[in-house]
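Below is one structure; the comments refer to it alone.
The values are calculated or read from the model by the stated rules, or taken from the named source; none is laboratory data. Here the structure is a predicted model, which means the values were calculated and not measured. Note: ideal-geometry Cβ built from the backbone for every residue, glycine included; neighbour counts use all protein chains shown. Note: accessible area is taken over every heavy atom of the protein model, side chains too, but ligands, DNA and RNA are not part of it. Shrake-Rupley method; radii C 1.70, N 1.55, O 1.52, S 1.80 Å.
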Amino acid sequence: QVQLVESGGGLVRPGGSLRLFCAASGRIFSLESMGWYRQAPGKERELVAAIISGGPTNYADSVKGRFTISRDAKGMVYLQMNNLQPEDTAVYYCNGRGSHTINYWGQGTQVTVSS
């Protein structure tokens, strides 16, 4: 039983920044990794960033150097997004991955980058 709730999305100009928040609750000790996915209109959902139990991180090539994923001991997961571009526009979903390929998802938060 894991619940994930995202927040922090919004409208930003190209080159701007946003910070997304994912509040994780329940049996979060059972999760092997946490991450962020995004889905743009008409496109498949894709992995943006992930953080593995113990600290290692993984990023999509398109966001390396611009996005940073982090987490704290209270179950919060963050995605700092800098130098945002129009192609970053999507609904962003928080993800929790269990030990038996079980995935938990938040409801999503909209990020729109437009001039």
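So the values come out like this:
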quantity: Accessible surface of the chain, 1.4 Å probe, proportion on carbon and sulfur as whole %; calculated: 49
quantity: FRET efficiency, Leu11 to Met76 (Cβ-Cβ, R0 30 Å, nearest 0.05); calculated: 0.80
quantity: Summed side-chain charge close to Gly98 - residues other than Gly98 whose Cβ falls under 11 Å, Lys, Arg +1, Asp, Glu -1; calculated: +1
quantity: Spherically averaged projected area in nm², based on the convex hull that wraps the Cα atoms of segment 1-114; calculated: 6.6
quantity: Per residue solvent-accessible surface (Å²) - the chain, probe of 1.4 Å; calculated: 54
quantity: Cα centre as origin, Lys/Arg/Asp/Glu Cβ charges: the chain dipole, Debye; calculated: 160
quantity: GNM top mover of Thr101, Thr57, Thr89 - the chain, alpha-carbon springs below 10 Å; calculated: Thr101
quantity: Segment Gln1-Thr68, extension gain: residue separation times 0.36 nm, minus the distance between their alpha carbons; calculated: 21.4 nm
